[in-house]
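Let me begin by presenting the structure, written as C-alpha cells, before commenting on it.
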Amino acid sequence: MDFGQIFTLTITQAFGVTALIYLFAAIGLNIQFGYTGLLNFGQVAFVAAGAYSVGVIVLTFDLSLWLSIVVALITSTILALLLGIPTLRLRADYLAIVTIAASELLRLLVRSIAFKDVFGGAQGLNGKLGQEFHDLNPLPADFTLPVLSWSRQDLWVVIVGWSLALLFTLFVWGLVRSPWGRVVKGIREDEDAVVSLGKNVFVYKLQALVIGGGIAAFGGILWAVAKQSVQPDTFQPDFTFFVFTILLLGGAARVFGPIAGTVIFWFLLAGFGEVLSSLINNGYIDFLTATDVGSIRFMLMGLGLMLLMIFRPQGIFGDRRELALDAR
Amino acid sequence: MHANTENTAPGRAAAYNALRDVAQVPGSPKPDPILIADHVSRQFGGLKAVDVAHVEIQRGSITALIGPNGAGKTTLFNLLTGFDKPDTGQWTLNTKPIAGKAPYRLARMGMVRTFQLTKALSRMTVMDNMLLGANGQSGERVFNALLPFTWKAQERANAERAMELLGRFNLDTKIDDFAGSLSGGQRKLLEMARALMVGPEIVMLDEPMAGVNPALTQSLLGHIKNIREEGTTVLFVEHDMDMVHDISDWVIVMAQGQVIAEGPPDAVMKDPQVIEAYLGSRHGSALTADGTSLTADSQGGNT
Amino acid sequence: MLRRVRLALGVLLLTSVAFLVSGGLSPATAADTTITGTLTSPSGIAVTGVVITATGADGVSVSGTSDEKGVFVIPLPAGGSYTVELDVTTLPEGITLNNEADASRSLLVLGGEKRIIIGLSEGGESGIVTESSGTAERVVQLFLDGILYGLVIALGAVGLNLVFGTTGLTNFSHGELLSLGAFTALTFNTAGLNIIIAAPIAIVFAAFVYGWGQNRILWRPLRRRKTGLIAAMIVSIGLAIFLRYTLVLFFGGAPESYKQFAGQPGIALGPFNTTPKALILGALAILALAATVVWLQRSRIGKATRAVSDNPALASATGIDVERVISVVWIIGAGLAAFAGIYLGLTQNTVWNMGQRILLVLFAAVILGGLGTIYGAIVGAMVVGIFIQMTTLVIPTEMKTVGALFLMILILLVRPQGLLGRKERVG
C-alpha cells in the first residue's frame, strides 16, 4: 500500500472542488441554521439555483458567464423570498418539511421532459460552462503541481474558490458580531422573546435566508464552472443533509465551523475511502468489492450525523461553557 | 389599610390618590388610562377563553390581573400584546388604536411584556441579552452591520445604560456569563431588566413570581415597585392573591374569561364574588393553605 | 471517487424512474379507435422501429411501428378487448423491458384514442407499468389507482403519525421502515419461502425488530437524555442515510422483484384494469387499517395511545405507562410500514431508496390530514393518493409528485393544523 499516495489523494479531496461546493453551502447554512436557527432542509435548492442559472444562461441562452453569476444571485434571492415569505411564520419542523419538499419539487421540475428545452431534462446541461472563467487562468499552460493531483484548471478553481470562501467567512464574522448578528442569535434562542423586545423577527429570518441562500448559490456556480455539467439528480435532499453533517462537525454558530467541518469531513471520508479501496485492491479485504466502498462511506456519513447530534451537538470543538449549558 | 405604604414612594402615593375615587366595579373608568380595551374576546374550540367588555389601566400604577387558573389572564395578555389574534375587540395605548398590530410594533410603541416561562436567551451573554432590548439600533440593519463605525458609538451608549440597569438588578457582576447559567430568579430579573431596556411606558409581567424561591420574591417585589417609581406603568398577571396584596395599587379579577371585579387589593379580597370564583375553582384548599385571613374574610362575606 | 459513486447512483436513478420518463404525449390520429403511445429511453431518446401488435378477441391482429419520434399508432377495427404485445426482438440494442412476460397484456378499448405507456430502460429494468386511456374511462381508472396508492400511503403514514403524536418525533427515517420491511420479505423470499408466507413473517419481524427494537435501542435512550425534538429529527436523518446505504451494501442498487406474482397478467373489471394481487393487497390494507382504527378506539392501550397523543404529561400523571404506549406504537407503526413496503415491492419492485422516494408523500398525507391524528393520516393518504393519480390527467406523469408536494406546501400555508387537526393554542 502506498500511504503517500493515499495521503495526497485525501488532501486533494479535503481541499478540492467538491469540498468547496459543500463549503459554500455550509457557510450559508451556518447563517441560516447555526446563527438564526432556521431549519432549512432545502439548502440544495439554492446550490441548484446557482448551478442551473449558469447552465441555462450560458448553454441554453448562450450568454455571458458573468451575467449568469448575477442571474444566479437574483434567482437564489427570489427562491429565498418564495420559500421564506410564506413559511417563515411556521413551526420549525413544518419549515423543515416545506423546504425539503420545495427542493424536491424544483428538482422534479428541472428534470422534467416539459422543460427539457431549458433545463435539459434528466441529462441536465453539459458543455462549455465557465469558459470565460478558465480563460482568466493565470497559471502557465504547462503547469503541474509537484505533489497534489489537481489539474491546472482545477487548481485555478480551487484558488479562486478558497479565496471566496475566506471572504465569505470574513463577511459572516462581521455580520454575527454586529447588533444584526445579536438579533438573529436571539431569534435562534427564543423567537417570542425577541419579538417582545420590538424586533421584526420575520424580516431578520428572511434576510438570513436570502444571505445564506446567496452564498450557497456560489457553491452551485462553482459546481457548474468546475465540473462543466449541471445534472438534476445530483441535487437530491441528501446533499443538504451532508451539509448539515459538515456544519455540525465543525460546529454550528462558529465562524470557522464550516471550514473546519468541510476539511475534516472530506479528509475522513476520502481517507477512509482511499484506505479501504487500497485494502480491497491489494487483497487484504476479500469480503468487500470496490463498489461497496461508496455505500460504506455513505453509511458512515449517516452514522456520523447521528452520533454527532447525540453526543456532540456543539461540534467537535465544543465550547466548555456551552457544553455546561447542554448538560443542564 | 395602607399602613405598609412606604413613605418614600411618591409613585405609590400618586397612584393611590388617583385611584382613590374610582368606582370599584368591573370596567370602571380611570382618571388617566394608558390602556383601554373594549369587547376583547377569544374562543378556543367551544370555550370562550376571554370575553372582556371593557377595562382600563391607570397610568403610573401597578395593576394586578388576578384570577384562578384558566381564567383567561395569560390569553388576555397575549391578545393585548399582539401575540394572539382576538375574535373581536379594540384597544388603545395612549388613545392610539393598536388592535391587530404586530407584537414587535407594540413593543416599539412602549408596551413590553415578559413571559410566564422565562425566556432568557440561554446561549447569549447577560450583556447581549440586555443590548438586544435597546431600540432603534442602526447596527441592527443588515447593511450597516458590516460597517462598525455606523453603530459603535450607539453600542457604547446602550452598554452604559445596560450596566446601570444591571446594577439596579444586582446582575452587574454577571455581564459575561451565559444567561442560561443564571439561577431561575436571576433569569426573571434579567428578563425584567431587558424589558426596561426597551424603554417602555408600560411593562406587562406574566407571573413574575412564578418559579422564584420565596427568599427572592421580596426583592423581586421591590424591583417591581421601583419600576413604578420610575414612572413606568406595570400590569402583571398573578394567580396567587396574597402576592398582589403588598404591591398592587389596583386589582382586576378575571374568572372564566370575564372581568368580575375591580378595586384596591383589600376591597377586592373581601368581594364575595371573587372568593367564590377562587373557591369554586380551587375548592378552597390552596387558598386556606395560602392565607387563613382570607378564609376568615370569606366566611364573613358569606354571612 | 465520490464522483464515481454519484455517477453510479445517477445511472441507478435513471433506470429506476424510466417508467416515469417514458410516457410522452401521443399525437392525435385520424382513425377513430386506436392504441397509441410513445417509446422513449430513460435518457430521453426516441426508440424507433419497435413493433407492437394488438390482437382482438376475434383473432384479428393489427400492428404499429414506432416512428422516428418513438410514436406508435395501432388503428383498431373496433372497440373491444385486446391483447397488446411488444415484439422485444425489435427493441434496439441495450434497450430492454423489465420482464418479458410483461410485454404482453390485455386491455379494454371502448373507442377513441387509448394511450398506453411502456416502460423501457437502458440495461436496467422496468416494464409495462401503467396504462391510460381517453375520457371518462381514464378518470375512473385513475381514481381507482389512486385509492390503491392511497392505501399504501395510509399504511406508511399511520405509523409516522402515531410516532409523531406520542413522542413528537418528526421521523425522517420512517421511509426506511418501508424499505426494510420489503427487503426482509425479499430475503425470506430469496431463501425459498413463498412470498405469501414470507410477507407475514417479515411484517412481524419488522414490527418487533425495526419497530420495538429501534425504539428501545435508539429513541428511548434519547428521550431519557432529553434530546430536543429538532436534534432527534436530525438523528433520524442520519439513521435514514445509514439504513439506506446498508441496503445498497447488502442488496445492491438494482431493483428486484419477489419470486412470485412478479409478472401477474392484468385483468379488466369493467373499465378498470388491474391485477389480482393489487386487489388482494388493497383488501388486506383496508383490513389492516380498519383493525388499527378499531384498536385505537376500543382497546385499553389504544385509548391510552390517544391520551398520550393528546397530552403526554397528563396521561403520565393519570397512571398511563407512556413508555409502554410508545413501544406499542412503534410495533404497530413498523408493522404497517413493512406491509406498505411489501405492497410496493409486489406491485412495483423493491429498491434501496423506495422508502426515501415515498417519504415526502407520506409527510404530505400526514400534514394534509393533521399531524398527530390517525384518522387524519388515513384521510390525508387517500386524498393524496387519488390526487397524485388524478393530476396525471392534466400534468405529465413524471410530475405527479410535484402536484402532491405543492398541495402539501399549500395546506401548510393555509391550514397548518391539517384538514382534521385542531388549532393549537398560542402562548
- Note on the structure: Residues whose modelled amide H sits under 5 Å from the amide H of residue B:254, counting only those 5 or more places away in sequence or on another chain, are B:66, B:67, B:260
- If you line up the long axis of helix B:184-197 against the longest principal axis of chain B, both from Cα atoms, how many degrees apart are they, to the nearest 10? 70 degrees
- Query: Hey, what's the Cα Rg ratio for segment C:146-210 versus the globular rule of thumb, 2.2 N^0.38 Å?
  - Reply: 1.23
- When the Karplus curve 6.51 cos²θ - 1.76 cosθ + 1.60 is applied with θ = phi - 60°, which whole-Hz ³J(HN,Hα) does each residue of segment C:197-202 get, with x for Gly and Pro? 8, 5, 4, x, 4, 4
- Task: Please label the shape of segment C:282-391 as rounded, prolate or oblate, based on the square roots a ≥ b ≥ c of the eigenvalues of the alpha-carbon gyration tensor (a/c under 1.5 means rounded; beyond that, a/b larger than b/c means prolate, else oblate).
- Result: prolate
- Item | Selected from B:144, B:94, B:135 as most flexible by GNM, with chain B as the system and alpha-carbon contacts under 10 Å | B:144
- Cβ-Cβ FRET estimate between residue A:287 and residue B:242, R0 fixed at 56 Å, reported to 0.05: 0.15
- Note on the structure: A correct Karplus calculation of ³J(HN,Hα) over segment B:109-119, with 6.51 cos²θ - 1.76 cosθ + 1.60, θ = phi - 60°, whole Hz and x for Gly and Pro, returns 7, x, 10, 10, 10, 10, 10, 4, 8, 3, 10
- Task: Would you mind computing, in nm to one decimal, how far apart the modelled labels at residue A:272 and residue C:280 are, each placed 7 Å from Cα along Cα→Cβ?
- Result: 4.3 nm
- Note on the structure: Non-local residues with an amide H under 5 Å from the amide H of residue B:169, with H modelled 1.01 Å from N and Pro and chain starts lacking one, are none
- Message: As an exercise, use a Förster radius of 41 Å and the Cβ-Cβ distance of residue C:209 and residue B:176 to find the FRET efficiency, rounded to the nearest 0.05.
- Response: 0.20
- Note on the structure: Per residue of B:138-144, other chain Cβ atoms within 10 Å number on average 6
- Please list the non-local residues whose amide H lies under 5 Å from the amide H of residue C:34, H modeled 1.01 Å from N, same-chain partners needing a gap of 5 or more. C:76, C:112, C:113, C:114
- Note on the structure: Mean other chain Cβ within 10 Å across A:119-125 is 3
- From the P(r) of the protein assembly as shown, can you give the percent of Cα pairs sitting at distances over 46 Å? 41 percent
- Message: What does the structure give for C:228-237 when I average, per residue, the other chain Cβ atoms found within 10 Å of the residue Cβ?
- Response: 6
- In Hz, Karplus ³J(HN,Hα) per residue of segment C:391-408 (6.51, -1.76, 1.60; θ = phi - 60°; x = Gly, Pro): 5, 5, 5, 10, 10, x, 3, 4, 9, 5, 5, 3, x, 5, 5, 5, 4, 4
- Which peptide among A:300-311, C:239-250 comes first, and what is the full order, when sorted by highest mean count of other Cβ atoms within 10 Å? C:239-250, A:300-311
- Label-zone membership for segment B:222-257, site residue B:273, 7 angstrom Cα→C-beta point, backbone N under 11 Å: B:253-255
- Query: Quick one: which of A:22-30, B:184-192 comes out on top by average Cβ neighbours within 10 Å, and what's the full order, highest first?
  - Reply: A:22-30, B:184-192
- Query: Cα extents of segment C:143-414 along the three principal axes, largest first, in whole Å?
  - Reply: 56, 46, 35
- Message: Given N residues in chain B, what is its alpha carbon radius of gyration divided by 2.2 N^0.38 Å?
- Response: 1.03
- Of all DSSP beta bridges in the protein assembly as shown, what percent run antiparallel (nearest 5)? 75 percent
- Message: To make sure I understand the rule: partners must be lysines, Cα under 27 Å from the Cα of residue C:114, and not fewer than 8 residues away in the same chain. Which ones qualify?
- Response: A:116, C:69, C:277, C:400
- Note on the structure: residue C:143 and residue C:61 label points (each 7 Å along its Cα→Cβ direction) are spaced in nm at 3.6 nm
- Message: What does the charge count around residue A:131 come to, taking other residues whose C-beta lies under 14 Å from its C-beta (Lys +1, Arg +1, Asp -1, Glu -1)?
- Response: -1
- Message: I'd like the antiparallel share, as a percent to the nearest 5, of DSSP beta bridges with both residues in chain B.
- Response: 60 percent
- Message: Given a 10 angstrom Cα cut-off, can you work out which residue in B:193, B:134, B:102 is the most mobile in a GNM of chain B?
- Response: B:102
- Between residue C:88 and residue A:312, what is the spin-label point distance in nm, taking each point 7 Å from the Cα along the Cα→C-beta axis? 5.4 nm
- Around residue B:31: net Lys/Arg minus Asp/Glu count, Cβ-Cβ under 13 Å: -1
- Task: Rounded to the nearest 0.05, what FRET efficiency do residue C:225 and residue A:7 give with R0 = 51 Å and r taken as the Cβ-Cβ distance? Could you check?
- Result: 0.85
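No value in this document is a laboratory result; all are computed from the given coordinates. The structure displayed is predicted, hence computed values, not measured ones. Every residue, glycine as well, gets a Cβ built from its backbone with ideal geometry; the counts of neighbours run over all protein chains shown.
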